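The values are calculated or read from the model by the stated rules, or taken from the named source; none is laboratory data. Since this is a predicted model, take the numbers as computed values, not measurements. Cβ coordinates were reconstructed from backbone atoms using ideal geometry, including for glycine residues, and neighbour counts include every protein chain displayed. These area figures cover heavy atoms from the full protein model, side chains too; ligands, DNA and RNA do not enter into them. Shrake-Rupley method; radii C 1.70, N 1.55, O 1.52, S 1.80 Å.
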Amino acid sequence: MISKIERRNKIKTRIRGKISGTAERPRMTVFRSNKQIYVQLIDDQAGRTLAATSSKGIEQNGTKCEIAALVGTAIAAKALEAGITEVVFDRNGYLFHGRVKSLADAARSAGLKF
């Protein structure tokens with residue numbers, strides 16, 4: 001019986017083998033903890049983070065999905081400000097559901113393409 005964490009790491013490794021970010025089309029990776037959600041735009045060729053944001057800076061009440069949507073619009077604004085319009089979405093082993101989905105949908109509606 002493999003644990004939930006081992007299962008996620010197995011999926012994460014499989015995803016990371018297939019996708020990689022560049023300066024023109026960085027990898028948008030999501031990490032969610034029990035309380036917060038974090039997102040980064042990463043250029044894997046240079047090994048640098050181009051933009052990042054999280055729910056820690058948001059002083060607004062709401063459900064976790066609503067806050068994740070605010071983080072999605074915030075990262076899209078930072079990306080467009082930096083001249084990035086297209087990204088590769090890395091769900092980081094999480095299911096594309098709930099907070100991860102609401103973040104991605106909000107980023108798409110704010111102008112990012114992936």
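Taking residue 73 as the residue in question, decide whether it is open to solvent by 30 Å² or more (accessible area, probe 1.4 Å), of a type outside the set (Gly, Ala, Ser) and without any contact (Cβ under 8 Å) to a residue 12 or more places away in the chain. Spell out how you get there, then give the answer.
Numbers: open to solvent by 30 Å² or more (accessible area, probe 1.4 Å): yes; of a type outside the set (Gly, Ala, Ser): yes; without any contact (Cβ under 8 Å) to a residue 12 or more places away in the chain: no.
It is false that residue 73 is open to solvent by 30 Å² or more (accessible area, probe 1.4 Å), of a type outside the set (Gly, Ala, Ser) and without any contact (Cβ under 8 Å) to a residue 12 or more places away in the chain.
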Across the range 76-91, what is the total count of residues that are buried (at least 21 other Cβ atoms within 10 Å of the Cβ) and under 25 Å from residue 3 (Cβ atoms)?
-> 1
